[in-house]
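Single-structure report; data block below.
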There are 2 protein chains.
Amino acid sequence: MTAAWVLHALPGDNARTLRVQSAAKLTGTEMETKLLKNAPKKGTSPTNKLPALWKGSDGCAAFSSVSAMKLLARAADGADSKFLGGADAATKAEVDQWMEYAVDVLDPLAEVACLKAGTSLAKVAGDAADEVTARSTKALVDEVCAVVDKKLRKASYLVGDALTFADVAVASALVGPLRSAIEAKPRQSKLSNVSRWFETILKESSMDACLESPFSFYAGKAAQAAAAGEAAAKAAAKATSITGAAMGAEQVPMGKLFKRSHSRVKDILETDSKTAVGKTVSVCGWARTVRSAGKGSLAFVELNDGSCQASLQVVCSAQDTTNFDQLVGAGGVGSSHRFVGTLVAPQRAEQAIELKADIVEVLGTVDPKEYPLSKTGNKSAGHSVEFLREQAHLRARTNLIACVARVRNACAFAIHDFFRLQGFQYVHTPIITASDCEGAGEMMAVTTMLGKAEENKGKLPTVTAELAKKYALDDPNTKLKEGDVDYTKDFFSKPAFLTVSGQLNVETYACALSDVYTFGPTFRAENSHTSRHLAEFWMVEPELCFASLKDDIDLAEDFIKYCTQYVLKNCAADIDYFEKHTEEGLRDRLLNVVDTPFKRLSYTEAIEILNKPEHLKTEDGSARFEEHPAWGIDLGSEHERYLCEKVFKGPVVLTDYPADIKAFYMRQNELDKEGRLTVQAMDILVPRIGELVGGSAREERLGLLEKRITDMNLKPEDFSWYCDLRRFGTVPHAGFGLGFDRFVMFVTGIANIRDVIPFPRYPGVCAF
Amino acid sequence: MTAAWVLHALPGDNARTLRVQSAAKLTGTEMETKLLKNAPKKGTSPTNKLPALWKGSDGCAAFSSVSAMKLLARAADGADSKFLGGADAATKAEVDQWMEYAVDVLDPLAEVACLKAGTSLAKVAGDAADEVTARSTKALVDEVCAVVDKKLRKASYLVGDALTFADVAVASALVGPLRSAIEAKPRQSKLSNVSRWFETILKESSMDACLESPFSFYAGKAAQAAAAGEAAAKAAAKATSITGAAMGAEQVPMGKLFKRSHSRVKDILETDSKTAVGKTVSVCGWARTVRSAGKGSLAFVELNDGSCQASLQVVCSAQDTTNFDQLVGAGGVGSSHRFVGTLVAPQRAEQAIELKADIVEVLGTVDPKEYPLSKTGNKSAGHSVEFLREQAHLRARTNLIACVARVRNACAFAIHDFFRLQGFQYVHTPIITASDCEGAGEMMAVTTMLGKAEENKGKLPTVTAELAKKYALDDPNTKLKEGDVDYTKDFFSKPAFLTVSGQLNVETYACALSDVYTFGPTFRAENSHTSRHLAEFWMVEPELCFASLKDDIDLAEDFIKYCTQYVLKNCAADIDYFEKHTEEGLRDRLLNVVDTPFKRLSYTEAIEILNKPEHLKTEDGSARFEEHPAWGIDLGSEHERYLCEKVFKGPVVLTDYPADIKAFYMRQNELDKEGRLTVQAMDILVPRIGELVGGSAREERLGLLEKRITDMNLKPEDFSWYCDLRRFGTVPHAGFGLGFDRFVMFVTGIANIRDVIPFPRYPGVCAF
């Protein structure tokens, strides 16, 4: 049959086009290929997938490459049974599946793997394209190896013992990305069966002849942007998995200007070693260890660039590595280098890949006698965490602190990601504040008057009798009396402090935007030297409107689980390190948190439990707790940890605390049966840490709030703006605070909070 | 043929299973269905997609529903031609395409659209599932309407004039998500042709009988998590577009506990109105306007919940709305409510949808005489921005400030997203610092001594002669002399300040992790009242190692473009608002920034340009600039804005500034031809704002850095830790700082920096 068939194809859409062209040649069909700039409008076909096969001017006959191939086979005498699997239903099914596989699985991977050839995809996927390219190439090789190569171990063709469209469909997907790889190393590669088959198919299928057509593979212009975007998305879904982050945000292309001048160690180690071997790369970093061998003619450098926990082994030799002598004289541990060389399979299989250096450029030397971290070669085990704190400007060069830094980074991102997906807006609440929501004694003051005090031998400006009169005239409510420090001379003209919580401020935005959160530094001037307190720490504080305490707890539980899981998934190697060096069983503890519903009970129930004889006393009959757990006490760490570590063996949420031990803004319950006032507070307690989250429903009833402010001897005028939120369109709302640094302790197993923040501040210490 | 066929299917995977079951019934094939908990290992088929059809114990015969259907048809006498399109190649091709379409396009959408039925997908896609569900349902309806319904306008079946597998494949995808919708309103819906066809197909195809099998639609257990994840990803790719954010991060499922008790206005307005009409919803928010009509028997409420710029019109009537009287008495603008009602098409088509309220629950009233924002009904045009600043706790309830808040939130997320995709780690640099990198005069002190000073009539502890001796003995380098303020009595035992920049600190982490950034509050005690300065503001400061000034500029340009584009795409409605109320032509200005390569030139070249006669003087011959642009001056805002607004009409990057006007840590160039010393600094200037970014390559050469520290009269001992980074394994590195609040001004067109941060702090003002 030689009717006038026309194939409409997008420029650059070559695997699909090639497939149909090859099918036309095989079936002896005369077919012309026309390149379209845009996909045609939908015809009688459900989809408008190109290539589309038309017959004469009859309109569209078959969209999509597989449909078109089948149509050609069926329309040509005998080609149907020859190329589509014969008369046997089972064999036809096999061909069907391979064709489907080529289009569904291989095409998207192949298309993105071809990015480097400079296709319009680059425009869609942007600079992240390189990453996708690498991943897709790897994914494609893995896929082909596991499925196609395996099938071909004992067979010459994919289906039966002759060429079918199964072979054509699969081979055409591989021409672009793998041809050179397959042909270059036919035997060596793990694709050896594919290689053999591939050469045969290219000839038999006339595909080689089709390639002479005026296409260069995947080099089309922007016309297929839409199709390409879809392919990139599919490939990304394949190569990694799609994060929920994809939902609800519009894609923004990455710019193309910034290119690293070197490969990152993480990217090298994550590349399939078979793909990586033979590549020339440039790598930069710091030497974690330098080992000499061969009587000084060889040097092995463990090079770390902080991109991941693992280091890359670099092999240098006097014979082959330019500047070898400079490397030897660079001082070893801590020295910095750029290496250019070839990735090779290692002699001993500790890692999958190592670098054989052709050139070393010493960027920075060290004097091992001076370098604080030199002695034990950066193995933090060799330096106490206390010692490392004194070297806070260098300690990120140790494995321990670098792992913490990466996990901390992941936690912070997870937080923003979680709230974005939940539709919350991030609000920057102020750091310097004039309001003092929890008692001034614990706050740090911010001032510009100390400079003057230094010149004036420690004297601050004070209010004279004359000034006191003037101030009183200006403002009858002035708090400035004779002899007081004269804050009108200070930067803000009144006392100002560092915030202890963004909550009151963030509530103002919640009462306009419904769902918000703040994430920023907070400060306490408590003079305490514990492993769980800092003077400067970071807090996450969401606030949600039209919500109850239950909503608040639900959100907090989802939140903790999400962030924990994000770390488990994205920092696996760092968690491995902590497992080994910090807390055995860490991963199981975290998985338990993710998998177990948090136990919820009221404070009153918790007190009842603690007062059971078996809990109140230890086995030898002595009191278990230093403080007796009587109703009304503020539970101590001993009670909290006992509840979650011993009684419930997992996270516990306590609710409805006595009003007397909680803040003024918490929503009041009805009096309980015994006439006691509780508030709708909740604390989440976790093993090892104790309290991780504290939250509450907020008192939205103006009268009750105002009464409570005066009952607690707070000054109503300080909170008038806060009461305005209830005065004007009040709404039920709730929120919580999570100590971010404690959360990092929680997911890393690090015992002291001073080691999870880059530069810890506590009484007497403010270094760097 | 009645051999013993077995279908292996995942529980809950019902569209696919149903399709094959229906095919078996139609072809008269005896087939048993077995539910598997896991997908089987790969057999002879390339994919292991379930359902899989097996024949006896022969092994796998066909994976995937389409292959299985075809196999059944081909294996049964006559069914091939009956259900697969007859003998005609073109008709077969049509059936092929519809089957492909059902699997590729409809199945993924349908599966996610069924989430509400409580499938395991919810576990995968999590709570964001609701959003995806809504989007997918809409996408599915749109798709079916555009393709299937259209096809059926003039036809009773999808292919030819009898039932084929095309109908079965498509109908089975729709049973779950659309059955009730289609059956409920057969005529009214835009799916009227589909409705008619659907009823026929269900009967003819025996699908109804198959549904009696022990499946409940899409209600399977976790077994198909993997398959479901893929479907969710595909559907998400369909419903929205995939952000680059998907790359490089592992997916984390969202928890299922937290559910909003109400629909968000944004979600309602974004739902296709045809889909939304008739739904019963609960909505909460604040009244932006309340309009009375019908002699008081009607009330129209513009309800805003902050989730988007637009409000939802709610129609209440004395007759139909419970608690109507309470609404009328609630005070109007600013009052808060929960409405329950039905979404209806509006009488006048200002919006696509409005709510007819059955019930109103007044949550919070206002007294219009007291409410500061009442008069002009929240239209910020009616309240000056100056007035609104005094009401900072309420101003987010205006359109203007709410739009700013949403854009600020988007900018912040874009920043984290950009750096994550580029492989940078987020580092929390300290807020309180003992180091003073740019001159103490501008810093605010942090202290706990002021409390004592108040009791002591303004006296701070000072160093006595005795103490001075003791301190000198303890530490010969002590700076405390007799008469000085005795900082050993302060919280940190020495003077402490609020940071002016995280740069020096973040460099310590860069010199360990290679690529890092900090994003946090910074402080200046400058006594300036300009529209571009705050005492407390947020800064983004990336630092990249093994990088040059060019790399730094490339990164900054990509960064600015990425964040700008993120806002354009994700805050389109807010940008519309600013276009209308703040800056005409805003969108074009931003698009210009995104599309135009930034002009790059040296400071020296810029000076030469400014000194050209046409620039130096205005048309009337007078001097254009207040300060003459001589080489060596620190360019003023007048020069910077002239360069980017008049000369280059877009962003400009100036490089290589005179060393004398730049900081000590910037990398020194060789002396220029005229013997002048410049440093590798760069500033990015943008129209309207002037300097947006300042950065530099850092001096990594220890000797040169130390010399410059002493040359500039800084104390070497203050910077010894900073010099350590060069002493031990120094590396070339660079970085920049971007004033976050200025960036928000830049993308919103807001003229005063005090209006882009929730609670602005400047000299004399620290309210709330």
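Taken together, the values in this text are just the output of simple stated rules run on the coordinates, not laboratory data. Note that this is a predicted model, so its numbers are computed, not measured. Virtual Cβ from ideal backbone geometry, glycine too; neighbours counted across all protein chains shown.
Need one number for the stretch A:448-490: average projected area of the convex hull over its C-alpha atoms, nm². Before the final figure, lay out each step's value.
Working: hull surface 11.7 nm².
Average projection, Cα convex hull of the stretch A:448-490: 2.9 nm².
Let's test the formula: R0 of 60 Å, r as the Cβ-Cβ distance of B:Ile359 and B:Ala90. What FRET efficiency results, to the nearest 0.05?
Calculated transfer efficiency: 0.55.
Determine the shielding of peptide B:503-515 by partner chains: average, over its residues, the number of Cβ atoms on other chains within 10 angstrom of each Cβ. Each step should come with its number before you reach the end.
Details: counts 0, 2, 5, 1, 1, 10, 10, 2, 8, 14, 11, 12, 5.
For peptide B:503-515, the averaged partner shielding equals 6.
For each pair in B:Lys469/B:Lys707; A:Lys151/A:Lys266; A:Lys150/B:Lys82; A:Lys470/A:Lys715, compute the distance between the two Cα atoms and list the pairs where it is over 26 Å.
Details: B:Lys469/B:Lys707 33 Å; A:Lys151/A:Lys266 33 Å; A:Lys150/B:Lys82 37 Å; A:Lys470/A:Lys715 24 Å.
Pairs exceeding the cut-off: B:Lys469/B:Lys707; A:Lys151/A:Lys266; A:Lys150/B:Lys82.
So what is the relative contact order for the stretch A:265-378, in percent, with contacts set as C-alpha pairs under 8 Å and at least six apart?
Relative contact order of the stretch A:265-378: 28 percent.
Given a cut-off of 24 Å, name the pairs among B:Lys561/B:Lys599; A:Lys457/B:Lys662; A:Lys561/B:Lys561; B:Lys580/B:Lys617 whose C-alpha atoms lie farther apart than that in the structure shown.
On the way: B:Lys561/B:Lys599 14 Å; A:Lys457/B:Lys662 34 Å; A:Lys561/B:Lys561 34 Å; B:Lys580/B:Lys617 35 Å.
Pairs exceeding the cut-off: A:Lys457/B:Lys662; A:Lys561/B:Lys561; B:Lys580/B:Lys617.
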Run the dipole for the stretch A:382-486 about the Cα centre, Lys and Arg Cβ at +1, Asp and Glu Cβ at -1, nothing else charged, and hand back the magnitude in debye, nearest 20.
540 debye
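Take each of the peptides B:607-613, A:614-620, average the number of other beta-carbon atoms within 10 Å over its residues, and list them starting from the highest.
B:607-613, A:614-620
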Starting from the amide H of A:Gln313, placed 1.01 Å from N in the peptide plane, find each other amide H under 5 Å away whose residue is 5 or more places distant or on another chain.
A:Leu303, A:Leu355
Other-copy label distances relative to A:Thr464, 7 angstrom Cα-Cβ extension, nm:
3.1
Only residues of the stretch B:617-632 count here: report those whose backbone N is under 18 Å from the spot 7 Å along Cα→Cβ of B:Asp660, or say none.
B:627-632
Two-site label geometry, B:Ile633 and B:Leu36: point separation in nm, points 7 Å out along Cα→Cβ
7.8 nm
In whole Hz, with x marking every Gly and Pro, tabulate ³J(HN,Hα) for the stretch A:682-688 from phi via Karplus 6.51 cos²θ - 1.76 cosθ + 1.60, θ = phi - 60°.
8, 10, 9, 9, 10, x, 6
Phi-based couplings in Hz for the stretch A:649-660 (Karplus 6.51, -1.76, 1.60; Gly and Pro marked x)
6, x, x, 10, 10, 9, 10, 6, 7, x, 4, 5
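Inside 10 Å of the C-beta atoms of B:65-77, what's the mean count of C-beta atoms belonging to other chains?
Details: counts 0, 4, 8, 3, 1, 5, 7, 2, 2, 9, 5, 1, 0.
That works out to 4 on average.
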Inter-copy separations for A:Thr342, label at 7 Å along Cα-Cβ, nm, ascending:
7.7
Along Cα-to-Cβ, 7 Å out, sits the label point; list in nm, shortest first, how far the one on B:Asp325 is from those in the other copies.
10.2
Across the stretch B:479-487, in residue order, what do the Karplus-derived ³J(HN,Hα) couplings come to in whole Hz, using 6.51 cos²θ - 1.76 cosθ + 1.60 with θ = phi - 60° and x for Gly and Pro?
9, 7, 10, 3, x, 5, 4, 8, 5
At a Förster distance of 45 Å, what's the computed FRET efficiency of B:Asn527 paired with B:Thr342, Cβ-Cβ distance as r, to 0.05?
0.15
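If Rh is defined by the Kirkwood formula over all Cα pairs and Rg also comes from Cα, what ratio Rg/Rh do you get for the stretch A:648-701?
On the way: Rg = 12.3 Å, Rh = 11.8 Å.
The Rg/Rh ratio comes out at 1.04.
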For B:Lys259, list the aspartates and glutamates whose Cα falls under 15 Å from its own Cα; do not include residues on the same chain fewer than 8 positions away.
A:Asp515, A:Glu543, A:Asp551, A:Asp552, A:Asp554, A:Glu557, A:Asp558, B:Asp127, B:Asp130, B:Glu131, B:Asp267
If you take each beta carbon of peptide B:725-736 and count the beta carbons of other chains within 10 angstrom, what is the mean?
6
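Please work out the FRET efficiency for the pair B:Glu455 and A:Lys580, using the Cβ-Cβ distance as r and a Förster radius of 56 Å; give the result to the nearest 0.05. Could you put the intermediate results ahead of the total?
Values: r = 53 Å, r/R0 = 0.95.
Efficiency computed from Cβ-Cβ geometry: 0.55.
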Simple label model, 7 Å out from Cα along Cβ direction - A:Asp595 to A:Leu616, nm:
3.6 nm
What are the residues whose amide H is under 5 Å from the amide H of B:Cys308, where those residues sit 5 or more places off or on another chain and H is modelled from the backbone?
B:Lys266
What number, in nm² with one decimal, is the all-direction average of the projected area of the convex hull of the alpha-carbon atoms of the stretch A:58-110?
4.3 nm²
